[in-house]
Amino acid sequence: MSATSLTSVSFNTSSWDLKRREGGKPYVRCGSPASSEKTVRVGVLGASGYTGSEVLRLLANHPRFGVALLTADRKAGQPIASVFPHLATEKLPDLIAIKDANFSDVDAVFCCLPHGTTQEIIKGLPKHLKIVDLSADFRLRDISEYEEWYGQPHRAPELQKEAIYGLTEVLREEIRNARLVANPGCYPTSIQIPLVPLIKAKLIEIKNIIIDAKSGVSGAGRSAKENLLYTEVAEGINSYGVTRHRHVPETEQGLSDAASSKVTISFTPHLMPMIRGMQSTIYVEMSPGVTTEDLYQQLKRSYENEEFAILLGNGVVPRTHSVRGTNYCLINVFPDRIPGRAIIISVIDNLVKGASGQALQNLNLMMGFPENLGLHYQSLFP
């Protein structure tokens with residue numbers, strides 16, 4: 001993929017009126033495309049959560065997508081500014097309950113609802129909609145595996161057959177033609193981007209892959225939970241989901257696809273006292289005769305034309321500060337002190353490349369737009 005710059009998009013800079021009426025119904029333009037270009041009408045289901053608010057932040061600068069519909073059942077009737085004051089400058093529709101939503105004037109939706117609730121809702125959506133689902137409900141192809149890891153039967157197995165896994169850099173062509181995309185989880189994104197090219201090239205062994213991953217607290221969502229209180233999280237670090245984290249089968253599914261055989265990983269996530277950011281430190285055994293320079297060169301070839309997967313210079317250690325608020329994944333490879341092993345470090349913003357940013361990247365592809373539209377954000381540093 002050769003990324004197309006935003007500078008190639010024609011803008012009507014004389015018209016920045018954010019509100020217009022089409023078919024008698026108001027919707028909001030996020031950004032301002034040339035008047036000859038159609039604006040895609042987008043709905044955000046579950047707009048009161050972190051991923052929903054992050055979608056809206058990114059859409060604010062998107063030149064082709066306009067926000068037509070926002071849902072949040074518990075906040076129905078409220079303006080978005082009452083839930084997220086940082087969005088008060090955007091003229092957005094008020095929140096409504098999903099049961100009251102009219103999708104006739106919507107072209108595509110981001111589904112930002114909790115796991116387990118999404119299947120029934122997506123099953124009931126009109127067939128004309130393009131859908132990017134940010135929950136885990138359609139990520140696992142094997143519905144029995146979904147039931148095992150999520151504790152409930154899959155309620156839309158016919159849709160599972162249609163869903164395309166949305167790891168953009170790996171499955172770009174499949175995503176272009178999809179109606180329903182299952183957006184990857186944050187941990188699986190940070191792990192698969194560096195490992196898939198190395199596994200496909202048979203440069204690393206598929207046994208003894210060890211992943212030590214760390215995430216900011218926003219990855220746990222916005223609901224009130226005792227373990228997420230400031231006094232529980234600050235000034236400490238804790239492991240969770242030890243041996244049974246729900247992102248394990250998703251990660252193994254992608255790595256197994258790359259290897260064309262079963263891959264089993266050792267994975268332990270940790271909660272860090274920071275708001276956003278994620279780092280996966282990955283320990284791998286190299287194939288006989290392979291060096292860390294071979295791994296580096298393979299990643300360089302794989303991602304040299306990618307906009308959002310970035311291999312850093314030799315010896316540069318990726319830092320979560322460097323991706324805060326952005327859709328980038330920064331990667332590097334280091335020799336382990338143990339002969340024949342290597343250490344791979346990958347960092348993303350869990351709310352952007354790990355969720356809403358990758359979702360926007362995918363919807364851009366699904367609608368036939370350059371996938372970087374609305375995603376040209378640099379990191380907030382320091």
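What residues qualify as long-range amide H neighbours of residue 336, i.e. H under 5 Å apart, gap of 5 or more or another chain, H built at 1.01 Å from N?
Amide H neighbours of residue 336: 341, 342, 343.
Below 8 Å, C-alpha to C-alpha, sequence gap of six or more: please give me the relative contact order for the range 136-252 in percent.
Relative contact order for the range 136-252 comes out at 24 percent.
Which Cα, out of 230, 197, 298, lies furthest along the positive dipole direction of the range 187-350 (beta carbon charges, K/R +1, D/E -1)?
230
Considering only the other residues whose Cβ falls under 14 Å of the Cβ of residue 220, what net charge follows from Lys and Arg at +1 and Asp and Glu at -1?
Taking every other residue near residue 220 into account, the sum is +3.
How would you order 84-92, 226-234 from highest to lowest mean count of nearby Cβ atoms within 10 Å?
The packing order, highest mean first, is 84-92, 226-234.
Give me the distance in nm between label points sitting 7 Å out from Cα along the Cα-to-Cβ direction at residue 337 and residue 380, one decimal.
3.8 nm
How far is it, in nm, from the label point at residue 200 to the one at residue 261 when both lie 7 Å from their Cα along the line to the Cβ?
Between residue 200 and residue 261, the simple spin-label model gives 1.9 nm.
May I ask you to give the percent of accessible area on the chain that is carbon plus sulfur, with a probe radius of 1.4 Å?
Percent of accessible area from carbon and sulfur atoms in the chain: 52.
I want to check the label-to-label distance for residue 305 and residue 123. Put each point 7 Å from Cα in the C-beta direction and report it in nm to one decimal.
Between residue 305 and residue 123, the label points sit 4.2 nm apart.
Could you work out the pair-distance distribution P(r) of the range 187-350 from its alpha-carbon pairs, with 10 angstrom bin width and percents rounded to whole numbers?
Result, from short to long distances: 10, 39, 35, 13, 2, 0 percent.
So what is the relative contact order for the range 187-350, in percent, with contacts set as C-alpha pairs under 8 Å and at least six apart?
RCO, the range 187-350: 30 percent.
Dipole size in debye (nearest 20) for the range 187-350 around its Cα centre, Lys and Arg Cβ +1, Asp and Glu Cβ -1?
The calculation lands at about 140 debye.
Given a Förster distance of 35 Å, report the FRET efficiency between residue 210 and residue 150 from their Cβ-Cβ distance, rounded to the nearest 0.05.
Calculated transfer efficiency: 0.90.
Compute log10 of I(q)/I(0) for the range 119-202 with the Debye formula, placing one identical point scatterer on every Cα and leaving out solvent, at q = 0.14, 0.15, 0.26, 0.27 Å⁻¹, to two decimals.
-0.51, -0.58, -1.33, -1.37
Using a Gaussian network model of the chain whose springs link C-alpha atoms within less than 10 Å, name the residue from 288, 194, 370 with the highest mean-square fluctuation.
288
Keeping all protein chains in place, calculate the accessible area per residue for the range 187-350 (probe 1.4 angstrom), answer in Å².
Ligands and nucleic acids excluded, the result is 45 Å² per residue.
Antiparallel as a % of all DSSP beta bridges within the chain, to the nearest 5?
Roughly 50 percent of the beta bridges in the chain run antiparallel, per DSSP.
Rounded to two decimals, what ratio of Rg to Rh does the chain give with C-alpha atoms and a Kirkwood Rh?
Radius of gyration over Kirkwood radius for the chain works out to 0.96.
Taking springs between alpha-carbon atoms closer than 10 angstrom, which of 148, 285, 250 fluctuates most in the Gaussian network model of the chain?
Comparing 148, 285, 250 in the GNM, the peak value goes to 148.
Write down the Å³ per residue value for the convex hull defined by the alpha carbon atoms of the range 256-304.
148 Å³
With Cβ to Cβ distances under 14 Å as the rule, what net charge do the other residues near residue 81 carry (K, R +1; D, E -1)?
In short, +1.
The values are calculated or read from the model by the stated rules, or taken from the named source; none is laboratory data. Computed from a prediction, not measured in an experiment: that's the story for all the values here. Because the Cβ atoms are built from the backbone with ideal geometry, glycine has one as well, and the counts that use them run over all protein chains shown. When the accessible area is computed, the model is the full protein with side chains, heavy atoms only, and any ligands, DNA or RNA have been set aside. Shrake-Rupley method; radii C 1.70, N 1.55, O 1.52, S 1.80 Å.
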